1. Per-residue mean of other chain beta-carbon atoms within 10 angstrom of the beta-carbon, peptide A:76-89?
2. Could you please state, rounded to a whole Å, how far the C-alpha centre of the stretch A:86-126 is from the C-alpha centre of the stretch B:439-492?
3. Would you calculate, for chain A, the mean residue ellipticity at 222 nm contributed by helices, counting each DSSP H stretch of 4 or more residues as -39,500 (n - 2.57) and dividing by all residues, to the nearest 500?
4. Which of rounded, prolate or oblate describes chain B when judged by the alpha-carbon gyration tensor and an a/c cut-off of 1.5?
5. Mind checking which of B:Ile463, B:Met375, B:Val392 is farthest towards the positive end of the stretch B:279-494's charge dipole, using Cβ charges of +1 (Lys, Arg) and -1 (Asp, Glu) about the Cα centre?
6. Among B:Met85, A:Met5, which comes first, then next, by fewest other beta-carbon atoms within 10 Å?
7. Given a Förster distance of 51 Å, report the FRET efficiency between B:Glu103 and B:Leu58 from their Cβ-Cβ distance, rounded to the nearest 0.05.
8. Pull up the cross-link candidates among the aspartates and glutamates for B:Lys411, meaning alpha carbon to alpha carbon under 17 Å and not fewer than 8 places away within one chain.
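Just so you know, all these numbers are worked out from the coordinates, no wet-lab data involved. Given the structure is predicted, the values throughout are model-derived calculations rather than measurements. In this analysis, Cβ positions are derived from the backbone assuming ideal geometry, glycine residues included, and neighbour counts consider all displayed protein chains.
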Amino acid sequence: MKNDMVLRVIGKLLIPFILLFALYVQFHGDYGPGGGFQAGAIVAAAMVFYAMIYGLSTARRVLPDALVESMIAAGVLLYLAVGFAGLHFGGNFLDYFVLDADPVAGQHRGIFWIELGVAITVCGVLVKIFYLFAQRGQDQE
Amino acid sequence: MNFAEHLPALQIVVPLVSAPLAVLLRDRLAAFVLVLAATWTAFAISILLWLQVGESGLISYAIGSWPPPWGIEYRVDALSSLMLMLVAGIASVVLPYSRASIEREIRQDKHYLFYALFALCLSGLLGITITGDAFNLFVFLEISSLSSYALIALGKDRRSLVAAFQYLIMGTIGATFIVIGIGLLYIKTGTLNLADLSIRLQAMTSHRPVLAALAFLTVGISLKLALFPLHQWLPNAYAYAPSAVSAFLAATATKVSVYALLRFYFSVFGETAIFQRLPMEDLMLVLALAGMFVASTVAIFQDNLKRLFAYSSVAQISYVVLGISFDSVTGLTATIVHLVNHAVTKGGLFLLLGAVIAGMGGVTLARVHGVGRVMPVTSFGIVLCGLSLIGVPGTAGFVSKWYLILAALEKGQWWLVFLIVLSSLLAVAYVWRFVEVAYFHAPRADLAGVREAPLALALPAWILVAATIWFGVDTSVTVGSAATAAAQLLGVSR
C-alpha cells in the first residue's frame with residue numbers, strides 16, 4: 001500500500017498520536033484504567049499499522065528482529081530487577097514498600113517500573129508474532 | 001539481605017531470571033552454562049528448603065511483603081518440599097544430557113531458545129509446587145504448559161508439531177477448566193489463598209457453585225495429569241518431542257499436576273468433603289483400574305518404544321490415582337512414593353531411549369533389533385528401569401506397589417491386590433517386547449557397527465537408573481518424606 005497517497009499521509013499523521021496515546025495509557029495506569037499491557041499492545045498496533053503501509057521490510061529496518069527479541073527478554077528482566085531491588089533494600093521479593101523512604105511513594109515507584117517492563121515485553125511479543133505471521137505469507141509467494 | 005529467609009522466592013526467581021538472560025546472550029554455550037548454573041542452584045535451594053521444613057514444619061513467604069491472605073503467599077510444607085526437590089533434581093540431571101542430545105535434534109541457532117524454554121518450564125513447574133495462591137498456581141501452570149508446548153514442537157519429526165498442537169488444545173481446555181474452578185471458588189469465598197480458602201469453604205462444601213468448582217478443577221487437572229480417559233495428548237507428545245524434553249516432561253509435568261490435585265483435594269476442599277459426601281472414591285478407583293489395564297494393554301501393541309513407554313506412563317499415573325482413592329495415610333504414602341519413584345524410573349528410561357536414538361537413529365521396534373548386542377550397557381539400563389515399572393523387588397517400583405498393596409489390605413480389599421499384581425503382569429508383557437527384540441534378534445546389517453552411547457548421554461541416564469535401584473533399597477528419604485507429607489495432608493482436614 002506504499003503507493004496510496006491517502007494512506008501514507010493518514011498513517012504519518014496518526015502514528016505519532018497512537019504512540020502518544022500509548023504513553024498516556026501507560027502512565028495513567030496508576031490512577032485509572034490502563035497500564036503496561038494495554039500500552040504495549042497499542043505501541044505494537046502502531047507498528048503493525050506502519051508495516052501494513054510501508055511494507056514488512058521497512059518495518060524490520062525500524063524495529064529489527066534482534067531488537068524485538070531483546071525487548072521480550074528485557075521487559076521480563078526489568079520486572080525481575082524490581083523484585084531484586086526489593087530484596088536489596090531489605091524487604092521481601094517484589095517488595096515496593098522499601099523502594100522509597102515513604103512506603104506509598106515506594107509503591108508508586110515499584111509499579112511504575114513493573115508496568116514499564118510489562119509494556120516492553122508485551123510490545124515485543126506482539127510485534128514478534130506479527131513478524132512471524134507476515135513473513136510466512138511472503139515465504140509462500 | 002539474608003539469603004536463608006528468601007529461599008522460597010529465590011527457588012523460582014533463579015531459574016526464571018536465567019530464561020530472559022539466555023535469550024539476551026544469543027549464544028548457545030553461554031546460555032547453556034547460565035541455565036545449568038541456575039538449575040543446579042535451584043536444586044541446592046530445594047535441598048536447603050527440604051532441610052528447613054524438616055526442622056520447622058512449614059515455611060511461609062509473603063511476596064512483596066503483603067501478608068497472606070491478601071498477598072501472594074509461597075508456602076513450603078513436607079509435600080511441596082519433596083516435589084520441589086524432585087523437579088529441580090530431575091532438571092539438574094536432564095539439562096547436562098540435553099546439551100549433547102539436542103545437538104542431533106535441534107538446529108544450532110535455536111539452541112539458546114531451547115535453554116530459555118527449559119528454564120521457563122522449570123520455573124513454572126517449581127512455581128506450581130511452591131505457591132500457596134490459587135490464581136498464582138494457574139499462572140505458573142500456564143508458564144510451564146506454554147513452554148512445554150513449544151519444547152515438544154522443537155522435535156525433529158514433523159509429527160511433533162501435530163503432537164504439540166494436540167497437547168496445546170487439550171492443555172488449554174484443562175487450564176480453562178482450572179481457571180473457571182478457581183473463579184467459582186473466588187466468587188464464593190472472596191479469597192484466593194489456599195489455606196484461607198480451606199477455612200472459608202468448610203461451611204459451604206455442599207453449595208452448588210462449590211461443587212461445580214470441584215468438578216471443573218477435577219476435570220481440568222485430570223486432563224493435565226493424563227488420567228485415563230483424558231490421556232489422549234500424552235503418547236504423541238512424549239513420542240515426538242526431543243529426547244531430553246520427553247524425559248523431563250515424563251518425569252515432572254504429570255507429577256506436578258498430581259501435586260496440584262492433592263493440594264486442592266486435601267488442603268483446600270478437605271478429605272471429608274471429597275470422599276465422605278461424594279462418591280469420588282469409587283469414581284477414582286474405577287478410572288484408575290481402567291487406566292491400569294487399558295493403557296498397559298495398549299502399550300503392549302505399540303511398535304515405537306517411546307510410545308510404548310508413554311502409554312506405560314498413563315498406566316503408572318493410574319497407580320498414583322489408585323493410591324489417592326484409598327483416602328488413607330498408607331494410600332497417600334503410596335501415591336507420593338510412586339510419584340517420586342516413577343519420575344526417577346521414567347526419567348532414566350527416556351534418557352536411555354534418547355541414547356538409543358542417538359546410536360540407532362530411531363526407536364521403532366523394527367529398528368532396535370539386537371540393540372542389546374551393539375549397545376549392551378544402555379539396553380541393560382532400559383531393562384533395569386523396565387523391572388522397576390513391573391515392580392520387581394530391589395527396584396523403586398516394588399516399594400510403591402508394596403505400599404499400594406498394603407493400603408488395599410488395610411481396606412480389606414483382597415480383589416484389588418489381585419488386580420494390582422495382574423496389571424503388573426501386563427507390564428511384564430510390554431517390557432518383554434523390548435527384551436525380545438533387543439536380545440533375541442540380530443541387529444540390522446547397516447546398524448551392526450553402532451557403538452555404545454557417548455558418556456555425555458550415558459552418565460545422566462545412569463544417575464537416574466542408579467537412583468531407581470537406590471530408592472528400591474533405601475527408602476528412608478522417599479517413604480519417610482512421603483509418610484510425613486501424607487499425614488500432613490490428611491491432618492489438615494481432621
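1. The mean count of partner-chain Cβ atoms within 10 Å per residue comes to 4.
2. Measuring centre to centre over Cα atoms gives 43 Å.
3. For chain A, the value works out to -28000 deg cm²/dmol.
4. oblate
5. B:Met375
6. A:Met5, B:Met85
7. According to the calculation, E is roughly 0.70.
8. B:Glu271, B:Glu281, B:Asp282, B:Asp327
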